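This report concerns only the one structure given below.
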Amino acid sequence: MSTIEDITDSLNILADLDLDLTQAIYAEFYVRCPEAEALMGYSDLHMRGRMLDQTFGLLMDPLLQGEEQYFRWEIGNHLSAYGVSKRMYADFLEAMRDCVKEALQGQWQPRHTSAWQLRIQSLLDELALVS
């Protein structure tokens with residue numbers, strides 16, 4: 001399986017469990033990145049859920065949401081308009097991975113670990129190109 005297929009597999013298993021990890025992921029994110037909690041104080045659970053859904057989609061889309069420049073544009077917008085730091089993206093993606101892994105328990109496989117790490121790194125590499 002490819003990296004994207006392995007990530008999709010882990011998320012399909014999560015979907016079968018019918019768990020909503022929104023609160024758990026954001027709680028873990030805020031532990032890793034306390035300044036993000038203050039920055040996101042304006043957002044409600046619905047907005048956070050929508051952002052999380054978009055990020056899950058990003059993880060599964062090798063073309064970065066269908067257009068190569070979309071991810072860069074979105075990152076540039078967040079960095080300039082909202083005060084988001086590049087480190088926040090790593091913290092958020094890692095919080096997602098760790099919460100999914102915890103939810104899957106014994107269904108989480110070593111290939112999922114590898115796929116998530118590779119994908120997170122590829123997104124962070126892309127982020128590094130954004131000025």
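The figures follow:
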item	result
Residue-level accessible surface for ARG50, protein heavy atoms, 1.4 Å, Å²	120
Extension reserve of the MET47-ALA128 stretch, reckoned as 0.36 nm per residue once the Cα distance is removed	26.6 nm
Net +/- balance of residues flanking PRO110 in space, Cβ distance below 14 Å, scoring K and R +1, D and E -1	+1
Neighbourhood charge, 13 Å Cβ-Cβ cut-off, centred on SER2 and excluding it, Lys, Arg +1 and Asp, Glu -1	-2
Per-pair calculated FRET efficiency, R0 = 30 Å: ASP16 and SER85 via Cβ, rounded to 0.05	0.30
3J(HN,Hα) from dihedral phi, region 41-58, Karplus parametrisation 6.51/-1.76/1.60, rounded to Hz, x for glycine, proline	x, 6, 8, 9, 4, 4, 5, 5, x, 5, 5, 5, 4, 5, 6, 4, x, 4
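The values are calculated or read from the model by the stated rules, or taken from the named source; none is laboratory data. Computed from a prediction, not measured in an experiment: that's the story for all the values here. Positions of Cβ are generated from backbone atoms using ideal geometry, with glycine treated the same way; all protein chains shown enter the neighbour counts. To get the accessible areas, we keep the full protein, side chains included, count just its heavy atoms, and leave off ligands, DNA and RNA. Shrake-Rupley method; radii C 1.70, N 1.55, O 1.52, S 1.80 Å.
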